[in-house]
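Please read the structure below before turning to the comments.
The values are calculated or read from the model by the stated rules, or taken from the named source; none is laboratory data. Note that the structure is a prediction, hence the values are computed from the model and not measured. Neighbour counts run over all protein chains shown; Cβ positions are idealised from the backbone, glycine included. Accessible surface is based on the protein model in full, side chains and every heavy atom, while ligands, DNA and RNA are left aside. Shrake-Rupley method; radii C 1.70, N 1.55, O 1.52, S 1.80 Å.
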Amino acid sequence: MSAFFGPLDAEGRVPPRQQTRAAAFLTSAHGALARQFAAILPARFESGWQTELNAQLHHEAEVVSLLLRATSWVPDVALVLLTMAWETSWLPQPIEGISDSRLAQAVSLATFAHAVHAGIRPAALLPVEANASDPFVMALRRTEFESSRALQAQILFLKSPDLLPFREAVSAALERRHVEVRKLWAEALEGVGITDRD
């Protein structure tokens, strides 16, 4: 087990099996985020925080598109069961104490997005000798960079005055999502010889 991708090939590229597993997880998570952002995107914006939803939707779609093209995909039979577990975990979760279903749905999505953007740092798995011009390496770095911008929007929403009466419920939901996402990411990596450093 290693804390980084590898061993790299002679050109400094991540092994295709590790690329496939990491990209499959990331496209599953970011694809789920894109679908959920699309589902709650209103026809007309009524609150300030809703204006960010459109940008978030396009960010998630960009991540999926980038990874699909930059990854050297190889068969991975474990993905049949893993993907089913991931997709089930990404489903919206109820938020206790919030009776407004639209707001509860937005909080559920924001906690999921926060967990994905803050809890998964794929570029941190790249060893220093990784080929900086390799498409997969560039895609991971781009994904992590863009996620940091998206994370700021989730923080602003989750700390907004609209959610002040529900602070305890929001904090509990956020903690649950972070634990769940980190666990699934660690399990995905362990299957291809990478240990979780957290």
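The set of residues in segment 116-132 that are of a type in the set (Gly, Ala, Ser), assigned to a loop (DSSP other than H, G, I, E, B) and open to solvent by less than 50 Å² (accessible area, probe 1.4 Å) contains only Ala130. Among the residues of this structure, Ser148 counts as one that is of a type in the set (Gly, Ala, Ser), open to solvent by 20 Å² or more (accessible area, probe 1.4 Å) and at pLDDT below 95. Of the residues in segment 35-44, not one is under 14 Å from Ala188 (Cβ atoms), touching a helix residue (DSSP H, G or I) at 6+ places or on another chain (Cβ under 6 Å) and hydrophobic (A, V, I, L, M, F, W, C).
With respect to the stated conditions, Ala169 fails to be more than 19 Å from the chain's Cα centre (by Cα), over 25 Å from Ala78 (Cβ atoms) and outside any helix (DSSP H, G or I). Restricting attention to segment 67-86, the residues that are in a helix (DSSP H, G or I) and open to solvent by less than 60 Å² (accessible area, probe 1.4 Å) total 7. Filtering segment 23-50 to residues that are surrounded by 15 or more Cβ atoms within 10 Å (Cβ to Cβ), aromatic (Phe, Trp, Tyr) and either at pLDDT 95 or above or farther than 18 Å from Thr143 by Cβ (or both) leaves Phe25, Trp49. Evaluate segment 104-113: report whether one residue or more is open to solvent by less than 60 Å² (accessible area, probe 1.4 Å), closer than 26 Å to Thr20 by Cβ, in a helix (DSSP H, G or I) and hydroxyl-bearing (Ser, Thr, Tyr). There is no residue in segment 104-113 that is open to solvent by less than 60 Å² (accessible area, probe 1.4 Å), closer than 26 Å to Thr20 by Cβ, in a helix (DSSP H, G or I) and hydroxyl-bearing (Ser, Thr, Tyr). Within segment 51-66, which residues are open to solvent by 20 Å² or more (accessible area, probe 1.4 Å), of a type outside the set (Gly, Ala, Ser) and farther than 17 Å from Phe136 by Cβ? Listed by number, the residues that qualify are Thr51, Glu52, Asn54, Leu57, His58.
A single member of Pro135, Pro161 is touching a residue at least 12 places away in the same chain (Cβ under 8 Å) and open to solvent by 20 Å² or more (accessible area, probe 1.4 Å), and it is Pro135.
In segment 90-98 there is no residue matching the filter, namely being touching a Pro at 6+ places or on another chain (Cβ under 8 Å), at pLDDT 90 or above and surrounded by 13 or more Cβ atoms within 10 Å (Cβ to Cβ). So, in segment 175-197, exactly how many residues are open to solvent by less than 40 Å² (accessible area, probe 1.4 Å) and either in a helix (DSSP H, G or I) or not aliphatic (A, V, I, L, M) (or both)? The qualifying residues number 10.
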